[in-house]
Amino acid sequence: MLMDDTNQIIEERRAKLKALREKGVAYPNDFWRQNLAAELVEKYERVDRDTLDLHPVIVKIAGRIVLKRVMGKASFATIQDMSGQIQLYLTDSYPGKEQHEAFKHYDIGDIIGVNGVLFKTRTDEVTVRVRDLRLLTKSLRPLPEKFHGLTDLELKYRQRYVDLIVNEESRLVFVQRSRIIQAMRNFLLGRRYLEVETPMMQPIPGGAAARPFITHHNALDMDLYLRIAPELYLKRLVVGGFEKVFEINRNFRNEGISTRHNPEFTMLEFYMAYADYEFMMELVQQMLREVAQAALGTTTVSYQGKTLDFSRPYERLTITEALTKYHPEFTDTVLGDRETLIAQLNTRGIAYRATDGIGGLQLTLFENTTEQVLFEPTYIINYPAETSPLARRSDKHPGMTERFELYIAGREIANGFSELNDPEDQAARFREQAAKKDAGDAEAMHYDADYIRALEYGLPPCAGAGIGIDRLVMLMTDCPSIRDVILFPHLRPE
């Protein structure tokens with residue numbers, strides 16, 4: 001639709017609104033709906049026509065006009081509410097010539113309230129024979145054309161309210177998102193986890209390697225950081241005796257935007273005392289299986305033309321095993337020599353931190369060459385201590401940590417580990433991170449003295465994990481971009 005046409009339509013609708021104002025209240029708020037469209041259709045679609053005629057069903061519904069056909073003395077319309085759609089039938093007899101004539105001037109997008117009685121058309125469609133109707137909200141802007149919908153992706157993300165009106169697929173994605181989150185919550189509550197809330201504004205950002213957003217508190221005259229993760233606060237609660245805790249939270253990271261990244265995103269983080277990362281891997285796998293079944297009715301989903309089965313065992317590989325499996329040229333000799341690793345990264349144009357040791361360079365090589373090919377659910381395990389400052393060291397291999405990341409469809413979905421509860425080791429690792437930050441690494445962690453003090457009171461042996469809810473919803477709803485599963489994703493200014 002051309003801009004000139006749109007402007008003309010808006011002016012015509014404003015003229016109709018002006019006429020409504022002259023008659024009285026233009027936006028009434030005294031109509032109380034009693035029925036939902038789709039529920040009426042579902043309940044009565046198997047009731048035969050004669051039974052509906054003999055036993056009238058009186059209904060009171062409201063919704064947005066999404067289809068309208070005027071045929072002289074009779075008209076049909078379809079209205080849409082939160083549940084779905086239902087057809088209306090109006091004539092000069094019912095609701096009467098005056099209301100029928102008024103309806104003829106209503107526009108697609110207007111919101112109306114209807115009193116009527118159910119019947120079935122010749123094609124057996126459940127329909128409301130209108131006895132009385134009122135215009136409740138005048139729509140001033142035209143909806144996109146019915147058969148084209150909202151096809152401009154940026155417009156779809158920027159004007160989500162229009163997308164939700166015209167695209168049933170988008171509505172279903174966000175209904176499923178809500179069900180997935182609820183299923184995750186129920187999974188943990190059923191295992192005696194306590195849901196908690198931790199600060200979103202923090203004096204020291206911690207729990208992840210990321211660049212934070214900074215704000216300022218005027219009354220306290222201090223800078224605060226939007227949280228990059230709730231981890232350190234959740235583990236403080238485990239110190240305090242809440243031995244099984246979780247939070248479904250918003251995190252903020254001042255990073256780039258892509259099909260997998262939004263600066264504001266949703267995470268589930270949960271921690272359990274007297275468990276290790278092996279236990280946590282089993283728990284995450286069980287959770288995803290049960291969440292898929294509860295929210296979607298199946299453990300098998302289709303993602304971008306391929307099938308994912310959340311009920312199958314997940315493969316487990318170390319970083320070096322994954323590199324060698326998918327890139328045979330990365331031999332143990334190549335992966336075990338720092339200079340050779342740097343040469344491999346340079347050859348491929350992959351940026352790396354000059355201060356990284358062999359473990360950090362291996363991880364950089366993995367993230368840039370191998371993670372994208374891990375379609376089937378795969379645990380990458382036993383990360384280098386230098387890249388895992390909050391994870392417990394392996395007793396057998398002190399240079400490695402008891403950590404896992406779960407990859408599905410080429411992207412990280414979950415991260416977890418046996419938690420580091422040695423305060424002196426944690427303090428040393430914080431100092432290493434602070435040195436990196438002083439050297440210019442904006443994503444390195446701060447030294448959190450209060451967290452060290454908490455550990456000194458005693459954190460029981462425990463394990464934790466975080467699951468990226470947005471990315472999980474992408475998988476379970478077959479959406480290629482994170483913007484498809486966030487109601488209001490961040491965009492450049494118009």
Calculated log₁₀ intensity ratio I(q)/I(0) where the Debye formula runs over C-alpha points of region 371-411, q = 0.14, 0.19, 0.21, 0.34 Å⁻¹: -0.35, -0.56, -0.64, -1.00
Histogram of C-alpha separations across region 347-494, 5 Å bin width, %: 2, 8, 14, 17, 18, 16, 13, 9, 3, 1, 0, 0
Trypsin sites (Lys or Arg not before Pro) lying in DSSP loop within region 100-151, provided at most 14 other Cβ fall within 10 Å: ARG122, LYS146
Region 334-467 - percent relative contact order, Cα under 8 Å, separation 6 or more: 18 percent
Förster radius 56 Å - calculated FRET efficiency between VAL373 and GLU125, Cβ distance, rounded to 0.05: 0.70
The chain: relative contact order in percent, alpha carbon pairs under 8 Å with at least 6 residues between: 13 percent
DSSP beta bridge pairing in region 75-195, given as percent antiparallel to the nearest 5: 80 percent
Whole-number Å³ per residue for the convex hull built on Cα positions in region 351-430: 94 Å³
Span from the region 81-135 Cα centroid across to the region 405-482 one, whole angstrom: 56 Å
Amide H contacts under 5 Å for ARG316, placed H, 5+ residues apart: TYR379
DSSP-loop GluC sites (Glu not before Pro) across region 1-49, with at most 15 other Cβ within 10 angstrom: GLU45
Extended-chain gain in nm, criterion 0.36 nm per residue less alpha-carbon gap, GLU197 and ILE452: 89.7 nm
Farthest toward positive dipole pole in region 1-120 [+1 Lys/Arg, -1 Asp/Glu at C-beta], among ILE112, LEU17, HIS55: LEU17
Which listed pairs, of LYS60/LYS156; LYS73/LYS104; LYS68/LYS120; LYS60/LYS120, have C-alpha distances above 21 Å, in listed order: LYS60/LYS156
Cα pair count fraction exceeding 22 Å, expressed as % - region 1-137: 40 percent
Antiparallel %, DSSP beta bridges [both residues in the chain], to 5: 90 percent
Under the Karplus curve 6.51 cos²θ - 1.76 cosθ + 1.60, θ = phi - 60°, whole-Hz ³J(HN,Hα) for region 362-371, x wherever Gly or Pro sits: 4, 5, 4, 5, 4, 5, 9, 10, 10, 4
Between region 212-255 and region 1-51, the Cα center-to-center distance that results, in Å: 45 Å
Unit charges at the beta carbon, dipole of region 133-209: most positive-side option, LEU143, LEU189, GLN176: LEU189
Contact order normalised by residue count of region 264-398, Cα under 8 Å, 6+ apart, percent: 23 percent
³J(HN,Hα) computed for each position of region 293-308 - Karplus, 6.51 cos²θ - 1.76 cosθ + 1.60, integer Hz, glycine/proline x: 5, 5, 8, 10, x, 7, 9, 10, 10, 9, 10, 6, x, 10, 9, 10
Helix-only CD estimate at 222 nm, as mean residue ellipticity for the chain, using -39500 (n - 2.57) per DSSP H run (n ≥ 4): -11000 deg cm²/dmol
Largest-first ellipsoid semi-axes for region 120-220, taking √(5λ) over the Cα gyration tensor eigenvalues, angstrom: 43, 24, 16
Eligible lysines near LYS235 by straight Cα distance, threshold 21 Å, same-chain separation 8 or greater: LYS244
Interchain or long-range residues, amide H under 5 Å from GLY63's placed H: ILE112
Unit charges at the beta carbon, dipole of the chain: most positive-side option, LEU390, PRO423, GLN34: GLN34
Degrees separating the helix 168-189 axis from the principal Cα axis of the chain, which is the longest one: 50 degrees
Virtual paramagnetic centre 7 Å along Cα→Cβ of ARG21, amide N under 19 Å, in region 119-145: 135-142
Rounded to whole Å, sorted largest first: equivalent-ellipsoid semi-axes of the chain, Cα gyration tensor: 55, 24, 23
Sparsely packed chymotrypsin sites (Phe, Trp or Tyr not before Pro) within region 404-441, loop by DSSP, other Cβ within 10 Å at most 14: none
Inverse of mean 1/r across different Cα pairs in region 68-155, Kirkwood, Å: 14.1 Å
Spherically averaged projected area of region 158-294 from its Cα convex hull (nm²): 11.0 nm²
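FYI, it's all coordinate maths here, none of it is from the lab. Only a predicted model underlies this, so the values are computations on that prediction, with no experimental measurement involved. Every residue, glycine as well, gets a Cβ built from its backbone with ideal geometry; the counts of neighbours run over all protein chains shown.
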